[in-house]
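This report refers to the structure that appears directly beneath it.
The values are calculated or read from the model by the stated rules, or taken from the named source; none is laboratory data. Remember, it's a predicted structure, so these values are computed and weren't measured experimentally. Neighbour counts run over all protein chains shown; Cβ positions are idealised from the backbone, glycine included.
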Amino acid sequence: MPGVLYEKKGRIAYITINRPEAMNTMNREVWDGLAAAWVSVRDDPEVWVAIVTAAGDKAFSVGGDLREIGAAFAAAEKEGRPVSLPIPEVNPMRGLTVWKPFIAAVNGMALGGGLELALACDIRIASENASFGLPESKVGLIAGMGGTQRLARVVPLGVALQLMMTGDSINAAEAYRVGLVNKVVPSAELMSAAEALAKKLCDCAPLSVRAIKESACRGREMTLEEGLRLEQLLTRDLLQTADSKEGLKSFAEKRKPNYQGR
């Protein structure tokens with residue numbers, strides 16, 4: 001079986017890490033599969049929303065495959081060259097920007113690269129047995145796949161620094177309290193909760209949803225004046241779309257809109 005499963009149901013894409021026997025650790029096959037899945041979501045006009053989850057009920061992912069990473073260290077040392085991790089340079093955490101919404105359905109432990117993957121998604125729903133942490137400081141590393149940057153943008157800086165510096169984990173209830181996850185549900189309800197949210201997003205104008213994500217994410221790195229300008233440009237572009245016209249027309253006619261993503 002492939003390390004990452006990709007499936008479409010209607011407007012929703014399902015991306016599933018498929019190494020439950022290894023706590024869904026990320027080896028090169030998983031990394032390549034995630035990158036390919038992100039590209040598929042980006043390039044498929046029929047996909048409006050993606051749900052990212054993992055097989056089994058113990059772990060979303062506990063991070064990189066230490067055996068593979070250890071082999072990379074050993075090979076670099078033997079050849080007398082700098083160490084490089086077995087991770088594609090362009091991946092969902094770095095370089096693959098997709099404005100369609102991604103929902104992480106976190107079904108268990110999300111540690112290291114697992115938490116970084118969840119942070120690369122836009123909305124996180126957790127099962128009650130989920131836990132979250134960036135333990136890299138305990139093994140002489142940092143969370144170098146977006147963890148040090150994204151966590152501090154999602155939760156208060158002090159909370160992010162304590163988690164990263166100590167390498168400690170928090171449970172789902174604490175993750176909800178500090179704003180790391182949007183919702184916590186019983187394990188048996190996790191996918192239905194993620195699907196309900198995905199379907200709600202699919203009821204909205206897809207170009208509007210993408211513009212909102214782009215405006216909010218890009219604007220976070222701008223001054224307020226620059227962000228307002230970006231918002232104005234995106235609004236201008238949306239007003240020219242068929243979906244914008246359909247949304248206003250359906251509202252006037254008191255009927256459900258029929259959005260096409262155009």
Among the numbered conditions (1) in contact (Cβ under 8 Å) with a residue 40 or more places away in the chain; (2) out of contact with any helix residue (DSSP H, G or I) (no Cβ under 9 Å at 6 or more places or on another chain); (3) buried (at least 20 other Cβ atoms within 10 Å of the Cβ), tell me where Ile17 comes up short.
-> (2)
Residues (of a type in the set (D, E, K, R), within 9 Å of the chain's Cα centre (by Cα) and surrounded by fewer than 24 Cβ atoms within 10 Å (Cβ to Cβ)) located in segment 98-124 | Asp122
Which numbered condition Ala193 fails, given (1) out of contact with any Lys or Arg (no Cβ under 8 Å at 6 or more places or on another chain); (2) over 18 Å from Glu46 (Cβ atoms); (3) touching a residue at least 24 places away in the same chain (Cβ under 8 Å) | (1)
Among Arg28, Arg19, Arg42, Arg11, which is the only one that is of a type in the set (D, E, K, R) and at pLDDT below 95?
-> Arg28
Just give me the residues in segment 40-50 being within 19 Å of Gly113 (Cβ to Cβ) and surrounded by fewer than 24 Cβ atoms within 10 Å (Cβ to Cβ), in sequence order.
-> none
Does segment 162-175 contain any residue that is under 21 Å from Arg19 (Cβ atoms), among the small types (Gly, Ala, Ser) and either not assigned by TED's automatic domain parsing to the domain that holds Ala22 or not in a loop (DSSP other than H, G, I, E, B) (or both)?
-> yes
Expected output for segment 247-262 (first residue on the phi < 0 side of the Ramachandran plot, partner surrounded by 13 or more Cβ atoms within 10 Å (Cβ to Cβ) and among the charged types (D, E, K, R), Cβ below 7 Å, 6+ apart or cross-chain) is Pro257/Glu246; Asn258/Glu246; Tyr259/Asp243; Tyr259/Glu246; Gln260/Asp243; Arg262/Asp243
